[in-house]
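Undergrad: The structure under discussion is supplied below as structure tokens; questions concerning it will follow.
The values are calculated or read from the model by the stated rules, or taken from the named source; none is laboratory data. Model, not experiment: these values are computed from the prediction. Cβ: placed from backbone, ideal geometry, glycine included. Neighbour counts: every protein chain shown.
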Amino acid sequence: MENKVDKIVAQRAQQWLDGGFDAETKAEVRRMMESDPKELTESFYQTLEFGTGGLRGIMGVGTNRMNVYTVGMATQGLANYLKKSFPAEAKIAGGISVAVAHDCRNNSDLFAKTTAEVFAANGFTVYLFDALRPTPELSFAIRYLHCMSGVVVTASHNPKEYNGYKAYWNDGAQVIAPHDVNIIEEVNKIEDVSQVRFSGAETAGGRIVMIGEEVDRAYLDRIAGLSLSPEAVRANEGMGIVYTPIHGTGVRLVPASLARYGFRNVIHVPEQDVNDGNFPTVVSPNPEEPSALKLAIAKADATGADLVIATDPDADRIGIAVRQAQTEGGGMLLLNGNQTGTLLTYYLLERWKELGRLHPGEGKEFVVKTIVTTELIARIAASFGVECYDVLTGFKFIAAVIRENEGKKQFIGGGEESYGYLIGDSVRDKDAVASASMVAECAAWAKHTGKGSLLDLLKAIYVKYGFFKEGLVSVVRKGKEGQQEIRQMMVDLRNQPPKELGGSPVVEVRDYQGQYKVVKGVREAMDHLPKSDVLQFVTEDSTIVSIRPSGTEPKIKFYFGVREPLSDVAAYDAVNAQLGEKIERIKRELKLV
């Protein structure tokens, strides 16, 4: 066996055979040791770590897999850190409180129950949702119940083999430095499952409190309070909206939120309303994938609906499709994450201005986006005299800016190109429940004010601010070898950055890992953001290409942003095609196609 797997893998596997693991787990370790050395390596060559999305991995046996033991160890490490972070509360039985939720995935309820029991065995008060709930509601619950921390068991939109564990701090945001690193240190101190305080609910001392409808009502009340155009909704209450949760948690609250806003014609996709961790009707439960919206679009075509809304399994991301004009064929057009973010930003700022809530140029309001999200959002914010923050990829960094400005400036909204948005600050993570309601309201407002459809509104924004077009290529490289290959790709790009992209010279290179940028050959410090393995290349004509390995999936992502003026709506198709070809040319130059 030593010839097939390295000593560390063999040692870790043996520890699982010798440790306090259940018989079924030990039998699977033996099977891999005897007949599947490759799977053994993949299962034990590393320990799952917190990335931009927390703890996430394929379900199975091993240190590199999601199972009750890795979940238990992570929870014990988090519990130990919470005791150190809140020493006064730790001295009182039940003084430290946490909230726990889960999505629709296979084993999610088991992992959530395990998490709750470990917390309770450590003397914490645990607020456990009585059934699956959207991730943003967990963030809301932490704030609503004044918890010190929280956990949601989810792998968001990953394939069905995955599950995950997202840890949150007392502000309802995912943990960031120094807490993330410190939690990992505490987890790493747990070298054996015997160090985990596992307990059944019957021995948890009554510290597990089931929560449900009360928090649902409070959460929906808060979302309803975000509404900016109730009169537009009343005028368009019959607007057809097809909604699909893609087998996930959104079915519990998205239709309810739309109804609270006043929409009376929400059309379901019945086969996708069924909660199922195998996601039987889609290849991938990711609203970024056109195929995930196929059934919903078919339903829209059958019913003549104006809008399609899809949420991912844990209802923090939203994908939409809008009805095109009859002159364009009348079919449904999928919008990408940058376009939806653009529409939301423009709508929020325009309505805030009309309602007299903005203080242009006074630094009282702000929006936030990530560095790989369209620069159009920054341009729109500037036109309204509103500050726009740029942060690293990961919604926890957006939440960090909100926390830093709490009590000083008002957060209006923010988001990222990967289909996640937040309106208002009651939640500190991307929120598809609120976003769905706001997108629908934006569509009603566009109709009510004579601006046409959401597509018409988007084109008008392009005419006003310039046509910004984005693209994305994800290169998947699985397993240990894939991880090494991704690292090498980043090394090569750092050592030999492109000199030209899309026919325009590269005039600026930004290295967020080294925290420097090179502008026309001159190196400058760039330390306004934490270190991150991201490269950006900016050309003379303002094209931006960003490259980053994913923090939650075995892939490296290439983001493309190009722009051109748009003289009028009639020129839309020609400029769209021109920019699309430019992105394809850059892909060829980087050998991605």
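Undergrad: Can you tell me how many residues within region 550-593 are assigned to a loop (DSSP other than H, G, I, E, B), among the acidic types (Asp, Glu) and within 24 Å of Gln483 (Cα to Cα)?
TA: 1
Undergrad: Only one of these is closer than 21 Å to Ala120 by Cβ and buried (at least 21 other Cβ atoms within 10 Å of the Cβ): Tyr168, Tyr219. Name it.
TA: Tyr168
Undergrad: I would also like to ask the following. Go over the candidates Ser97, Ser85 one by one and state the one that is modelled with pLDDT of 95 or more, polar (S, T, N, Q) and surrounded by fewer than 21 Cβ atoms within 10 Å (Cβ to Cβ).
TA: Selected residue: Ser85, the only one of Ser97, Ser85 that is modelled with pLDDT of 95 or more, polar (S, T, N, Q) and surrounded by fewer than 21 Cβ atoms within 10 Å (Cβ to Cβ).
Undergrad: Are any residues in region 237-265 farther than 26 Å from Glu288 by Cα and either outside any loop (DSSP other than H, G, I, E, B) or under 23 Å from the mean Cα position of the chain (by Cα) (or both), and if so, which ones?
TA: Arg260
Undergrad: Here is a follow-up. I need the full set of residues from region 172-193 which are within 23 Å of Ser418 (Cα to Cα) and in a loop (DSSP other than H, G, I, E, B), in order please.
TA: Passing the criteria: Gly172, Ala173, Val175, Ile176, Ala177.
A quick yes/no check of all residues on (1) touching an Asp or Glu at 6+ places or on another chain (Cβ under 7 Å); (2) surrounded by fewer than 24 Cβ atoms within 10 Å (Cβ to Cβ); (3) on the phi > 0 side of the Ramachandran plot:
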position: Thr374; (1), (2), (3): yes, no, no
position: Ala378; (1), (2), (3): no, yes, no
position: Cys388; (1), (2), (3): no, yes, no
position: Val391; (1), (2), (3): no, yes, no
position: Ile398; (1), (2), (3): no, no, no
position: Glu441; (1), (2), (3): no, no, no
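Undergrad: Here's another thing I want to ask about it. For region 284-388, which fully contained helices (runs of 4 or more DSSP H) count at least 3 residues that are under 27 Å from Val534 (Cβ atoms) and out of contact with any Pro (no Cβ under 8 Å at 6 or more places or on another chain)?
TA: Because the criterion is at least 3 residues that are under 27 Å from Val534 (Cβ atoms) and out of contact with any Pro (no Cβ under 8 Å at 6 or more places or on another chain), the helices (runs of 4 or more DSSP H) in region 284-388 that meet it are 337-354, 376-383.
Undergrad: Would you pick out the residues in region 460-500 that are part of a loop (DSSP other than H, G, I, E, B) and either in contact (Cβ under 8 Å) with a residue 24 or more places away in the chain or among the aliphatic types (A, V, I, L, M) (or both)?
TA: If the condition is that a residue be part of a loop (DSSP other than H, G, I, E, B) and either in contact (Cβ under 8 Å) with a residue 24 or more places away in the chain or among the aliphatic types (A, V, I, L, M) (or both), then Gly466, Arg477, Lys478, Pro497, Pro498 are the ones that fit.
Undergrad: Here's a follow-up. Kindly provide the set of residues from region 223-236 that are assigned to a helix (DSSP H, G or I) and within 13 Å of Leu258 (Cα to Cα), ordered by number.
TA: Within region 223-236, Ile223, Ala224, Pro230, Val233, Arg234 qualify.
Undergrad: Moving to a separate point now. Out of (1) free of Cβ contacts under 8 Å to residues at least 40 places away in the same chain; (2) under 15 Å from Thr373 (Cβ atoms), the odd one out for Gly420 is which?
TA: (1)
Undergrad: Which of (1) surrounded by fewer than 20 Cβ atoms within 10 Å (Cβ to Cβ); (2) in contact (Cβ under 8 Å) with a residue 60 or more places away in the chain; (3) among the polar types (S, T, N, Q); (4) within 24 Å of Trp445 (Cα to Cα) is the odd one out, the single condition Asn278 does not satisfy?
TA: Only one criterion in (1) surrounded by fewer than 20 Cβ atoms within 10 Å (Cβ to Cβ); (2) in contact (Cβ under 8 Å) with a residue 60 or more places away in the chain; (3) among the polar types (S, T, N, Q); (4) within 24 Å of Trp445 (Cα to Cα) is unmet by Asn278, namely (4).
Undergrad: Only one of Met239, Met210 is closer than 30 Å to Leu355 by Cα and hydrophobic (A, V, I, L, M, F, W, C). Can you tell me which?
TA: Among Met239, Met210, only Met239 is closer than 30 Å to Leu355 by Cα and hydrophobic (A, V, I, L, M, F, W, C).
Undergrad: For region 514-556, how many residues meet the condition of being among the aliphatic types (A, V, I, L, M), under 19 Å from Lys469 (Cα atoms) and in contact with a helix residue (DSSP H, G or I) (Cβ under 9 Å, 6 or more places away or on another chain)?
TA: Counting residues in region 514-556 that are among the aliphatic types (A, V, I, L, M), under 19 Å from Lys469 (Cα atoms) and in contact with a helix residue (DSSP H, G or I) (Cβ under 9 Å, 6 or more places away or on another chain) gives 2.
Undergrad: Filtering region 560-584 down to residues that are over 29 Å from the mean Cα position of the chain (by Cα), surrounded by fewer than 17 Cβ atoms within 10 Å (Cβ to Cβ) and in contact (Cβ under 8 Å) with a residue 12 or more places away in the chain, which residue is nearest to Leu455 (Cα to Cα)?
TA: Val569
Undergrad: Also, I was wondering about something else. In region 258-272, which residues are more than 22 Å from Glu237 (Cβ to Cβ) and of a type outside the set (S, T, N, Q)?
TA: Matches in region 258-272: Pro270, Glu271.
Undergrad: Output the qualifying pairs, or none if there are none: Cβ atoms under 7 angstrom, residues six or more apart or on different chains, first residue in region 12-32 and free of Cβ contacts under 8 Å to residues at least 24 places away in the same chain, second residue β-branched (Val, Ile, Thr) and in a helix (DSSP H, G or I).
TA: Filtered contacts from region 12-32: Leu17/Val29.
The rows are residues; the columns are (1) assigned to a loop (DSSP other than H, G, I, E, B); (2) farther than 13 Å from Asn236 by Cα.
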site: Gly414; (1), (2): no, yes
site: Tyr421; (1), (2): no, yes
site: Ser435; (1), (2): no, yes
site: Ala440; (1), (2): no, no
site: Trp445; (1), (2): no, no
site: Gly452; (1), (2): yes, no
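Undergrad: Further question on the same structure: Quick test of your reading of the structure: Phe560 fulfils all but one of (1) closer than 26 Å to Gly57 by Cβ; (2) touching a helix residue (DSSP H, G or I) at 6+ places or on another chain (Cβ under 7 Å). Name the failing condition by number.
TA: Answer for Phe560: the failing condition is (1).
Undergrad: Still on this structure, please answer the following. Of the residues that sit in region 519-557 and are among the hydrophobic types (A, V, I, L, M, F, W, C) and crowded, with 18+ Cβ neighbours inside 10 Å, which one is farthest from Asp390 (Cα to Cα)?
TA: Ile556
Undergrad: What tally of residues in region 23-49 results from selecting those that are part of a loop (DSSP other than H, G, I, E, B) and surrounded by fewer than 22 Cβ atoms within 10 Å (Cβ to Cβ)?
TA: 5
Undergrad: While we're on this one: Which of the following residues is of a type outside the set (Asp, Glu), in contact with a helix residue (DSSP H, G or I) (Cβ under 6 Å, 6 or more places away or on another chain) and either closer than 24 Å to Ala120 by Cβ or modelled with pLDDT under 95 (or both): Thr47, Thr75, Thr52?
TA: After ruling out the rest, the residue left standing is Thr75.
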